[in-house]
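Presented below is the structure to which this report refers.
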Amino acid sequence: MENLQTEEQFNEQIKQGKTVFLFSANWCPDCRVIEPFLPELEEQYHDLTFIYVDRDQFIDLCVANDIFGIPSFLAYHNGQEVARFVSKDRKTRDEIEAFLNKVSEA
């Protein structure tokens, strides 16, 4: 999964196809729980581009997008937000897959 480097990259990436942003942080225990299966999901949903957003590095971007809990997911298709899975709760693989199915069908 590619790491977001700049806010400009975020603004460009949302315009390019279907992109899923994972908002996370190194210190987040719930984020560590989902890490082992993320590579499998990236492979399974090859039509989506996945970008990791470090919440601490991009706090202004989180605030601008109402991302106040992590891990959280935000999806865009050609510049339009198509789905969000945002909360402070731990996410299960099934919940994440249901979200990604919704994004793939958008």
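Laid out as a table, the results:
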{"quantity": "Options ILE34, ILE67: the member that is assigned to a helix (DSSP H, G or I) and of a type in the set (A, V, I, L, M)", "calculated": "ILE34"}
{"quantity": "Options LYS91, LYS15: the member that is in contact with a Gly (Cβ under 9 Å, 6 or more places away or on another chain) and among the charged types (D, E, K, R)", "calculated": "LYS15"}
{"quantity": "Test: PHE58 is farther than 23 Å from ALA106 by Cα and either modelled with pLDDT of 95 or more or touching a Ser or Thr at 6+ places or on another chain (Cβ under 6 Å) (or both)", "calculated": "yes"}
{"quantity": "When residues of the range 1-11 are limited to those that are surrounded by 11 or more Cβ atoms within 10 Å (Cβ to Cβ) and assigned to a helix (DSSP H, G or I), the one nearest to the chain's Cα centre (by Cα)", "calculated": "PHE10"}
{"quantity": "Residue count, the range 40-57 (criterion: within 11 Å of the chain's Cα centre (by Cα) and either among the aliphatic types (A, V, I, L, M) or open to solvent by less than 40 Å² (accessible area, probe 1.4 Å) (or both))", "calculated": "6"}
{"quantity": "Residue count for the range 58-81, restricted to those that are open to solvent by 50 Å² or more (accessible area, probe 1.4 Å) and either touching a Leu at 6+ places or on another chain (Cβ under 8 Å) or of a type in the set (A, V, I, L, M) (or both)", "calculated": "4"}
{"quantity": "Total residues in the range 42-57, condition out of contact with any Lys or Arg (no Cβ under 8 Å at 6 or more places or on another chain) and within 19 Å of PHE85 (Cβ to Cβ)", "calculated": "9"}
{"quantity": "From the options PHE37, PHE21, residue that is surrounded by 18 or more Cβ atoms within 10 Å (Cβ to Cβ) and of a type outside the set (Asp, Glu)", "calculated": "PHE21"}
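The values are calculated or read from the model by the stated rules, or taken from the named source; none is laboratory data. Note that the coordinates shown come from a computational prediction; the quantities given were computed from them, not determined experimentally. No Cβ is skipped: glycine too gets one built from the backbone with ideal geometry, and neighbour counts run over all protein chains shown. With ligands, DNA and RNA removed, areas are computed over all heavy atoms of the protein, side chains included. Shrake-Rupley method; radii C 1.70, N 1.55, O 1.52, S 1.80 Å.
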